Each structure stands twice: as C-alpha cells, then as structure tokens.
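The values are calculated or read from the model by the stated rules, or taken from the named source; none is laboratory data. What you see is a predicted model; the values in this text were computed from it and never measured. Neighbour counts are summed over all protein chains in view; Cβ atoms, including those assigned to glycine, are modelled from backbone coordinates with ideal geometry. Ligands, DNA and RNA are excluded from the accessible area calculation, which covers all protein heavy atoms including side chains. Shrake-Rupley method; radii C 1.70, N 1.55, O 1.52, S 1.80 Å.
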Amino acid sequence: MAIKIQNITKQFGDFRAVDDVSFEIEHGQLVAVLGPSGSGKSTILRIIAGLETPDSGEVFLTGEEATDIPIQERNVGFVFQHYALFKHMTVWDNVAFGLEVRKVPKEKIQSRVDELLKLVQLSGYSRRYPSQLSGGQRQRVALARALAPEPKVLLLDEPFGALDSKVREELREWLRRLHDEMHVTSLFVTHDQEEALEVSDKVVIVNKGKIEQIGSPQEVYKHPKTPFVTSFIGPVNVVPGRLFGSHDETTYVRPHEIDLTYDVPEGKGGKVLPALVRRLNHVGANVKVDLELADGNTLQVHLTPERLSELSLVEGEQVFVSPKEMKVFTEDYTI
Amino acid sequence: MAEKKLFSFSEKGAKLRVVLISVVVLYIGVLVVAPLSALVRAVLLSDVGSLGKVLLQPDVFYAFGLTLALALAAVVLNTFFGLIVAWVMVRHHFPGKKFLNGLIDLPFAVSPVVVGYVLFLLFGRDGWFGSLDNWIGIPILFSWPSMLAATVFVSLPFVIREVMPVLQEIGTDQDQASYTLGANQWQTFWRVLLPSIRWGLLYGMTLTFARSLGEFGAVFVVSGAITQQTETATLFIYRSVEEREYLAGYSVALILAGLSFCILFLIEYLKKKEEKRLTHGH
C-alpha cells in the first residue's frame, strides 16, 4: 500500500472535520477524494502530508508508520490550490528548491530540473517569475516542483480549483496522461464530481468528515451506496416514497434513466406516474424536460433528441413517467 | 487621456478636484518643502567657505559618529525583535493580543520627552532599575545605554508595522510548500520567508534608521548632552542654536536631512527595480 490511513479523527474546536476515517491506496493509482466544501477532504490530505496532526489514528506511507514523522521527512509532494510558488524565485529555482535543500549535487539538479520542465512543457520558461505565468502554467510549475525530489506519493489539494473551466479541463486530462507516464501514487482532492469521475482510478467520497463510499468511478456512479452519493454524483431526481414505494422510502432516479410514454406500458403497473410536461429545454446534447407530477412535485427527464422527435412532445401535454432504473433508500427518521 | 477624463466630469466635480489637488500641494509644500528650502538657503547664504571647517570640528565629528552608532544599533535591535514580534502577532493567537497590538503604537503616541523622563525615573537612583549600573559596571543614565534605550523605544513600531501586513498577505502557503519539499525551519526562514518580506523589512529598517537619526527629546533628557560624550547630532544642533552658532547648526541639520532623504530615495529606487524585474523579466 502506498498510502494507508487508519481511524483518523481531527477536531477543530467544536467542529469534527474528520471522523474515524480509514482507507488504503495501492501503488501507482490516481485517486480522487471527492466531497462538498467543509466535508473534511482537504484536512485528510493535509494529515497525510503532515501539515496537520490528527487527534487520533495512524498514517502509513509505503508501508511505514508516518504519523509522527515531521513533514520534511515524509517525502510527499504537495500541490496547493493557489500554487504557493515562491514568488521571488524563477521557475527554475522553484523546481530546484526541493533538490537544493536536500543537498543534491549541482549537475544532478540541473538535469532533473530540465527533465521536469520538459515534462510539464515549460522548458522555455525557466528564467521567468511566477507572476509572468498564467494560472495553468503556474500550477504546472507547482507540479514539477512537487515531483522534483521524487516523492513517495503526490498529494494535490483542489489543484484546478483556481482555474477557469476550459483550462481546468485541459489540465486534468493532461494530469491523467502525466500520471500514466510517471506512475507516482497520487491523491487529489476535489469538490467537482465530473473531475473526480473523469480522471481517477478510484474515488473516495467524503461527507461530514466520514467516508460515504469508495470505489471505481463506474461503481460509485452505477451503484451508489448512500442517498448522499446518489445525489452528489450526477444529477438526480429525489422522489418521496409514497409515489413509488412505501411511505418511509425515498426514490432516487437519474434524469436520463427515465422514459416518457403516452400510454401506460404493459406490466409496469405500480412503477408509472402521470405527469404534465411543463417545459422543454433544448440546450446541450440532451433535451431537458421539466415535468409536474400530480401531487405538485417536479421531475426532470433528459431525453435524446431522437426520442423526443419520436414522441413529438409538446409543452402542456400529459405523459406517463416510467423509470428504467432507480435507487430506493429507507429514510432515517430523526425526531 | 488624463485631461479628457478630468473635463468629462461635471463642472462641479472638476472644481472640487482642482481645490483638492491645490490643498494637497499646499499642505505638503508648506510642511515639507518650505522648511527644507529654508534650510538650504540659510546654509548657502552664510559663509559657505567655512562649511568644511565647521564639519571637521571634533565635536561635530563626534556627534555624527554617536548618532550613526545609536541609529545602527537601534536598527539591529528593532529588526531582530521587530521580526519576532511581527511573526508572533500575525501567526499566533493568544489572549491579550489586541491589547499588545495597541501597545506597539505607543511610541508614536507618547511624546519623546515623556519617554526620556520615564527612563530617567526607571534608571535613576530610586528607580526600579536604579542599581542596574552597579551590576553591569557601566553607567546607564548620562551614557550610551540609556540613549540607546530611548532611541530603540521611539523607533520600535516601524519594522513591526511594515512587516506585519506583508506577513499577513503572503500567508502560510509558501512556508508549507517549503516544508513539504524537505526544507527545515532555518532554510525556510532564509530562503522563503525572508526574501518574501524583504521589501517591507527593508522599508521598516530604513524608517527606523531615519527616525533614530532625528531623535531628540528622549535622548536629550537621558543623556545630559555632554559635548563629545553624550552629544548626538540633534543635540549638537540644539546647542549651536542656543549658542548662536547658526552656521554649524544649519550645516549639521542639512546633512542629517540629506542623509534621511538619500536613504528613502535609494530604497524607493531599489523597490521599483525589483518590481520591474518580477513582472517584466530580464
């Protein structure tokens, strides 16, 4: 195991940021820690790096107990959301820093820095200062700097969080390719589910300081284990129990896993609901259909343009809603 | 473009702008430029030929030496402790921090004469530290230790006040990055922290130096102003005026003012150059 954390707990004042969290990450994987802001995901990452001390629990890095090892000796690469580049140093000096403080011989530093700058496609920028670079370039420098001392693991804290969406997308594809070349175990924190599902081998979903689910992107998308994961990963309709199931159940249906028909399909008696077409939105690859159910609840359905023209749906029409796939969770009643 | 903007304002706005600019120019002019030109004029009108002779008088020489020594020592002490204070105030939270923060500005608020008097009371025969000079074997009052204490006190806030906002702004990210890259605290301080705050620090040191050069009241009270023993440049100016030795007074004053100006301009120039380097490259 490259990274293993066991029963990690961290409290800030009255706020329990991380609550008894354990997981393991295999060598060479690219893993996303996904959760909403305030879920404790960054704290977990910072505890692994040694930037934060856990109240209890253990951290293991490449099989060795690291809980009490100071940051400097953990040999982890860390990439910060706001780059944290040394502003008074050139790109070259930034990347060389981790090697210089380790007293690596000069010729070795020279070749390693050149190699890394080539890797992050910034060879021509070595004499520039961070203030002369774009956000995406800065984050690539930060990545090269973190990789320079050949860390055991690479930790990235919302690495694309400060970038605009186009650069974000480019950079995350690039990170995936880079990872496939380098094979350094990487753990990155994000609140963006699309980013997590697209880039990673494995996703750790965190909410309120606890782990909700760990699995491959496909697993957590197809088979979410908790209501939180279901609604956090991808768009979902939340339907109160009395429509599809018993009264203490809630049904989660993804908008593209619903079909619309004019008649009640055969053999689907209990799983069909009448609804009124309120609005058709043609923006994007799919058509978004807003429906109003008999009890006033709303439901969104995504139809392919082909299916829409088959139906020749018009706003104001009455249709039947039949979910192709749905998830039912029993609600926890707290009085 | 600037003119166009000025006149695109309404008549009233333009008038207000002219009035405001005039007020600023007059204010700065009367307070800063006028006294300085008067000083230059006074020196030029008097016997310029003997200026050199005046400045080579042993008591003038001594006074400048003492002033420079005190100012440099004050810079060293206030830089060292100022850095620590600024660091603690920005990075740590403790009860009474706000109170302490207010206390730092005290030297700006209290008259230097009062400061001198307080030191006098502290180190006088019946003061709390009255027997300290017996302990360390050198006199404190009417000697350099009390003069240094007075100078350090009046110039205390500058480094702290210049460094604190810079520390606040850079935050802890760069330090943390340095640690994750394997640097220890010593390396992080010298290679990451100090270079990032160096302009604020240098500014604070310059102001400390300039303020120390000009200190009069507190030093006057504790030093006794003994010629060629505890007489600094400002005390010399005072004595010259008292004794109607105007040429000597003017000359020393002009050199003191010139010194402060040069330092301020130098620092401004260096800062501009650095900013250019960081944004436009080589």
Which of the listed residues, A:LEU133, A:PHE60, A:LEU147, is farthest toward the dipole's positive end in the stretch A:45-172, when Lys, Arg count +1 and Asp, Glu count -1 at the beta-carbon? A:LEU133
Taking every residue in A:98-106, how many Cβ atoms of other protein chains lie within 10 Å of its Cβ, on average? 3
Pair A:ASP14, A:GLU292: separation of 7 Å Cα→Cβ label points (nm): 4.2 nm
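For the stretch A:146-241, give me the percentage of DSSP beta bridges that are antiparallel, rounded to the nearest 5 percent. Don't skip to the answer; put the middle values down first.
Values: 5 of 10 bridges.
Counting only bridges with both partners in the stretch A:146-241, antiparallel ones make up about 50 percent.
Antiparallel versus total DSSP beta bridges in chain A: what percent is that, nearest 5? Intermediate values should be presented prior to the final figure.
Details: 47 of 65 bridges.
Of the beta bridges lying entirely in chain A, close to 70 percent run antiparallel.
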Based on the Cα atoms of chain A, what semi-axes does the equivalent ellipsoid have, where each is the square root of 5 times one gyration tensor eigenvalue, given in whole Å with the largest first? 46, 25, 15
So for chain A, taking the charge dipole from beta-carbon charges (+1 Lys/Arg, -1 Asp/Glu), which of A:TRP92, A:VAL321, A:PRO235 sits furthest toward the positive end? A:TRP92
Of all beta bridges DSSP finds with both residues in the protein assembly as shown, what is the antiparallel percent, to the nearest 5? 70 percent
Using the 2.2 N^0.38 Å rule of thumb for compact globular proteins, work out how the protein assembly as shown stacks up: its C-alpha Rg over that value, please. 1.40
Run through all the Cα pairs of the stretch B:71-129 and give the fraction in each 10 Å bin from 0, expressed as whole percent. 18, 34, 39, 9, 0
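When the accessible area of chain B is split by element with a 1.4 Å probe, what percent falls to carbon and sulfur? Display every interim value, and only then the final one.
Details: 11780 of 16710 Å².
Carbon and sulfur: 71 percent of the exposed surface of chain B.
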Taking only complete DSSP H runs, can you tell me which helices of chain B stretch 24 Å or more along their own long axis by Cα positions and average at least -1.0 on the Kyte-Doolittle scale? B:11-28, B:58-91, B:194-214, B:246-280
Greater than 24 Å separation of Cα atoms is the criterion. Which listed pairs, A:LYS4/A:LYS41; A:LYS4/A:LYS152; A:LYS166/A:LYS327; B:LYS15/B:LYS276; A:LYS41/A:LYS103, meet it? A:LYS166/A:LYS327; B:LYS15/B:LYS276; A:LYS41/A:LYS103
Which one of B:SER223, B:VAL252, B:ALA183 is farthest out on the positive end of the charge dipole of the stretch B:47-281, using unit charges on Cβ (Lys, Arg +1; Asp, Glu -1) and the Cα centre as origin? B:ALA183
Where the centroid of each part is defined by its Cα atoms, how far is the stretch A:210-234 from the stretch A:1-35 in Å? 17 Å
Sequence ranges A:163-170, A:135-142, A:271-278, ranked by mean other-Cβ count within 10 angstrom, highest first: A:135-142, A:271-278, A:163-170
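So how do A:46-55, B:111-120 stack up, highest first, on mean other-Cβ count within 10 Å? Each step should come with its number before you reach the end.
Working: A:46-55: 20.6, B:111-120: 17.6.
Highest-to-lowest ranking by the protection proxy: A:46-55, B:111-120.
Dipole size in debye (nearest 20) for chain B around its Cα centre, Lys and Arg Cβ +1, Asp and Glu Cβ -1?
Working: 22 positive and 19 negative charges, 208 e Å.
Value, rounded to 20: 1000 debye.
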Projected area averaged over all directions for the convex hull of the alpha carbon atoms of the stretch A:1-93, nm², comes out at 7.4 nm²
Distance between the C-alpha centers of the stretch A:253-330 and the stretch B:40-78? Whole Å please. 91 Å
Counting pairs of Cα atoms in the stretch B:176-282, how many percent are more than 24 Å apart? 50 percent
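With charges set only on the Cβ (+1 for Lys and Arg, -1 for Asp and Glu), what does the dipole of the protein assembly as shown come to about its Cα centre, in debye to the nearest 20?
On the way: 61 positive and 68 negative charges, 445 e Å.
Here the protein assembly as shown has a charge dipole of around 2140 debye.
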Per-residue mean of C-beta atoms belonging to partner chains within 10 Å, peptide A:42-52: 1
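Using r as the Cβ-Cβ distance of A:VAL283 and B:VAL19, and R0 as 51 Å, what FRET efficiency do you calculate, to the nearest 0.05? Don't skip to the end; give the middle numbers.
Values: r = 55 Å, r/R0 = 1.08.
That gives a FRET efficiency of 0.40.
For the stretch B:47-281, compute the orientation-averaged projected area of the C-alpha convex hull (one quarter of its surface), in nm². Provide the component values of the computation, followed by the final result.
Details: hull surface 68.4 nm².
Mean shadow area of the hull around the Cα atoms is 17.1 nm².
What's the average, rounded to a whole number, of partner chain beta-carbon atoms within 10 Å of each residue's beta-carbon in A:80-87?
Details: counts 5, 1, 2, 3, 10, 3, 8, 6.
Going residue by residue through A:80-87 and averaging, the value is 5.
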Between A:MET182 and B:VAL32, what is the FRET efficiency for a Förster distance of 60 Å, r being their Cβ-Cβ separation, to the nearest 0.05? 0.50
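Nearest 20 debye, what's the magnitude of the dipole of chain A about its Cα centre given +1 on Lys and Arg Cβ and -1 on Asp and Glu Cβ?
Details: 39 positive and 49 negative charges, 255 e Å.
Dipole of chain A, to the nearest 20 debye: 1220 debye.
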Quick check for you: with a 1.4 Å probe and neighbouring chains kept, what is the accessible area per residue of chain A, in Å²? 47 Å²
Using alpha-carbon positions, what is the distance between the centroids of the stretch A:135-203 and the stretch A:51-97, in Å? 15 Å
